[in-house]
Amino acid sequence: MALDPSYLEYPHRSYGMDHDRYDWSMLADRKPVAWPDGKRLALWVNVSLQYFPLNQSGKPFAPVAGMTTAYPDLRHYTLREYGNRVGIFRCLQAFDRYDVKPTFAVSARLAERYPYLIKKLVARGDEIIAHGWHMDAPHFGGQDQAEEATLVKKSLQTLREATGQPVTGWLSPSKSQSSNTPELLVENGVEYMCDWINDELPYNFRTSAGDITAMPLSTELEDRFIMHANLHSESEYADQIKDAFDYLYAEAGDQGGRMLALSIHPWMLGQPHRIGKLEEVLAHITSQDGVWSASAGDIRTAWQAAQ
Amino acid sequence: MKEDPGLYDYWPYENRPKITWPNGARVAFWVAPNIEFYELDPAVNPHRKAWPRPVPDISGYGTRDYGNRVGHMRMMRTLDKYGVRGSISLSTALCDHHPEIIQMCKERDWEFFSHGIYNTRYTYGMSEDQERAMIEDAVETIHKHTGQDCSGYLAPALTHSDITMDLFAEAGGIYTCDLFHDDQPTPVHVRSGKKFISVPYSLEMNDTIVYVVNKIEPRRYGEMIKANFDRLYEEGKDNGVVMCIPLHGYQVSHPHRIKAFEEALEYITGHSDVWVTTGREIAEYYIENCYDEAVADITAKGAA
């Protein structure tokens with residue numbers, strides 16, 4: 001018994017990362033970031049508006065929070081639809097009540113299907129970023145390049161037409177990428193992507209088509225992750241987000257600007273028994289003067305200016 | 001395959017020879033930060049997949065990379081505050097990739113021990129020569145970059161063979177963290193007959209097991225740590241015990257988790273009869289002061 005000898009060879013064992021996408025650096029070692037008006041913490045509330053097709057193929061892996069039963073999975077289809085019909089309007093009220101500026105990551109297929117909702121968001125003046133074609137159209141390693149190129153192009157085209165916005169941000173379905181995704185995004189005019197969760201501030205990411213900004217959208221602090229994957233209670237969700245905010249807000253006092261990236265889903269937090277916890281969290285965060293609630297694009301711009 | 005790993009004998013917790021830790025401490029308390037490097041596109045091991053999604057699995061990779069970019073410094077500041085020196089379970093390739101982290105640990109006189117080369121290279125399927133080469137590589141790397149002799153071992157990604165302990169003992173190691181059978185150190189059989197022991201490294205207190213496997217809430221983790229400590233501190237009056245908290249920068253250092261952990265650390269280090277130490281110091285003390293008596297007791301009870 002033995003493994004192939006190459007298993008004990010380590011071709012990337014040298015300084016920095018084992019790839020050339022970004023430089024190795026520790027958050028605490030970087031030049032402190034100053035947010036506009038001397039604010040300590042940038043609050044990025046990212047609302048995913050997702051379309052999960054009933055005829056899910058689940059290839060090469062099932063979308064996070066997708067269909068789970070045999071066809072037709074009316075149960076999960078409609079639970080996710082609830083967010084786009086009902087939950088979103090509760091979320092919007094909560095944002096307005098606490099003067100929080102959300103960013104919406106939208107499945108392009110949703111924009112085609114529900115123009116009312118898109119018009120509503122556009123009229124509010126909120127930033128819309130692309131969330132892929134739909135949740136069952138993942139980007140993944142080994143994907144046919146032409147197929148993926150078409151997916152990126154038609155997603156952005158559809159959303160740009162539907163919103164009239166330049167749409168310069170991107171969140172992949174299930175935060176999954178192929179090795180070509182960053183190049184395709186740059187080639188299609190995307191300036192930042194939210195899929196890499198290895199940091200708490202934006203950082204520069206290299207592609208063969210030019211640089212793009214990585215905007216880490218925390219999975220650990222996501223409503224779906226805490227309540228749906230970990231099955232923690234609504235109260236626990238609120239406690240965890242408040243603890244995270246308190247810690248980052250204090251750390252920002254010593255080390256320079258911090259970013260709290262909250263990924264939320266109206267199908268999760270928009271339920272009547274959960275919306276109060278979103279309100280509780282937003283009330284807690286916005287009670288501090290040093291909080292800057294901004295869109296993802298504005299946070300990226302401010303971060304770039306601080307470099 | 002064997003029915004029993006053959007690494008230790010059954011040895012009941014009651015009526016053992018008394019362990020008295022330095023200064024009469026009841027609990028030897030150590031914290032083991034796992035400082036790991038996961039590869040984006042590792043060589044394929046036919047016995048275990050590195051990532052659930054096709055390469056690049058940026059969620060899995062990014063989760064771990066967060067530990068080095070963000071988590072490590074946050075954890076280090078917290079341990080510094082309570083005078084705790086870490087005993088690092090190290091992916092030794094990190095010496096090459098991220099020497100800044102190694103330097104900060106050296107400045108604090110933290111212990112380095114082997115957790116393999118990368119946490120994406122598994123022992124499964126290796127020949128004896130290959131596993132020996134991997135172990136020797138790690139031992140040499142630690143010595144070259146830190147000047148320390150590698151005393152402890154936690155197999156990479158907890159992947160073992162039947163002879164892992166034998167090989168590590170032959171490479172100069174004196175303790176393993178891979179066995180979870182006890183709250184005290186215990187002798188471990190190795191084929192060379194060297195004095196080699198298990199130092200308790202609690203998987204139950206391990207933040208990755210807590211957060212990823214058991215999906216525990218952060219504040220509850222803090223309560224679990226305190227409860228674990230309270231009982232060991234009580235029992236340690238009669239016979240010294242070990243408490244370990246294994247950590248990962250990509251788990252406990254998230255902003256919604258670190259405060260609850262810090263409160264537990266403050267609680268433990270606020271007790272007088274706690275020996276705040278490292279894995280190596282526990283192992284050396286035990287081998288020097290307790291090992292022979294333990295072996296005699298185990299032998300006598302086995303014969304009885």
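The values are calculated or read from the model by the stated rules, or taken from the named source; none is laboratory data. The structure presented is a predicted model; accordingly, all values stated were derived computationally and were not measured. With ideal geometry, Cβ positions are generated from the backbone for all residues, glycine too; neighbour counts draw on all protein chains shown. Keep in mind that these areas ignore ligands, DNA and RNA; they rest on the heavy atoms of the full protein, side chains included. Shrake-Rupley method; radii C 1.70, N 1.55, O 1.52, S 1.80 Å.
Remarks
- Fluctuation leader among A:A123, A:A296, A:A137 - chain A, Gaussian network, Cα springs under 10 angstrom: A:A123
- Gyration tensor (alpha-carbon) shape descriptor, region B:22-303, a/c threshold 1.5: oblate
- Using R0 = 51 Å, the C-beta based FRET efficiency linking A:S235 and B:N15 works out to 0.65.
- MRE, 222 nm, helices only [DSSP H, n ≥ 4, -39500 (n - 2.57), over chain A, to nearest 500]: -10500 deg cm²/dmol
- Within chain B, antiparallel bridges make up roughly 10 percent of the DSSP beta bridges whose residues both belong there.
- Loop-located trypsin sites (Lys or Arg not before Pro) in region B:220-304 (DSSP state other than H, G, I, E, B) with a sparse environment of at most 15 neighbouring Cβ atoms within 10 Å: B:K237.
- Residue-normalised accessible area of the protein assembly as shown, given per residue in Å² at a 1.4 Å probe: 38 Å²
- Projection of the Cα convex hull of region B:114-183, averaged over all directions and equal to a quarter of that hull's surface, yields 4.7 nm².
- Rounded to 5, percent antiparallel among DSSP beta bridges of region A:34-305: 10 percent
- At most 16 other Cβ within 10 Å, DSSP loop - chymotrypsin sites (Phe, Trp or Tyr not before Pro), region B:92-167: B:Y124
- Per-residue ellipticity at 222 nm computed for chain B from its helices equals -11000 deg cm²/dmol, with DSSP H segments shorter than 4 residues left out and the rest contributing -39,500 (n - 2.57).
- Most mobile of B:D183, B:D166, B:D41 in a GNM of chain B (Cα contacts under 10 Å): B:D41
- Lysines whose Cα lies under 16 Å from that of B:K144, excluding same-chain neighbours fewer than 8 positions away: B:K106
- Here the accessible area of region A:1-127 is 51 percent carbon and sulfur, with a 1.4 angstrom probe and all protein chains present.
- Derived scalar couplings ³J(HN,Hα) [region A:52-63; Karplus, 6.51 cos²θ - 1.76 cosθ + 1.60; whole Hz; x for Gly, Pro]: 10, x, 5, 8, 4, 8, x, 10, x, 8, 5, x
- Hits among lysines - C-alpha to C-alpha of A:K101 under 30 Å, sequence gap 8 or more where chains match: A:K31, A:K39, A:K119, A:K120, A:K153, A:K154, A:K175, A:K242, A:K277, B:K259
- Residues of region B:247-268 whose accessible area, computed with a 1.4 Å probe over protein heavy atoms, drops by at least 50 Å² once all protein chains are present relative to their chain alone are B:P255, B:H256.
- Along chain B, the longest continuous region that contains none of the GluC sites (Glu not before Pro) in a DSSP loop with at most 13 other C-beta atoms within 10 Å is B:15-203.
- Straight-distance candidates among the aspartates and glutamates for linking to B:K2, with alpha-carbon spacing under 12 Å and chain neighbours fewer than 8 residues away dropped: B:D162.
- Across region A:244-257, rounded Karplus estimates of 3J(HN,Hα) from the backbone phi angles (6.51 cos²θ - 1.76 cosθ + 1.60, θ = phi - 60°) give 5, 4, 4, 5, 5, 5, 5, 4, 4, x, 8, 10, x, x Hz, Gly and Pro being marked x.
- Tensor-based shape of region A:34-305 (alpha-carbon gyration tensor, a/c under 1.5 rounded, otherwise prolate or oblate): oblate
- Heavy-atom accessible surface of region B:22-303: percent carbon and sulfur, 1.4 Å: 47 percent
- What the Cβ-Cβ distance of B:E140 and A:F89 gives, at R0 = 60 Å and to the nearest 0.05, is a FRET efficiency of 0.45.
- Backbone amide hydrogens, once placed in the peptide plane, bring A:A105 within less than 5 Å of A:V47, A:S48, A:L49, A:I129, excluding anything fewer than 5 places away on its chain.
- Near A:G132, the amide H atoms lying under 5 Å from its own belong to A:A108, A:L171; only residues 5 or more places off or on other chains count, and H is placed 1.01 Å from N.
- Legend: calculated FRET efficiency, A:E161 to A:L74, from the Cβ-Cβ distance at R0 = 30 Å, rounded to 0.05, equals 0.45.
- Considering only the protein assembly as shown, percent of DSSP beta bridges that pair antiparallel, nearest 5: 10 percent
- Cα gyration tensor shape for region B:1-86, rounded if a/c is under 1.5, else prolate or oblate: oblate
- Interface burial for B against A (accessible surface, 1.4 Å probe, total of both chains, Å², rounded to 100): 5100 Å²
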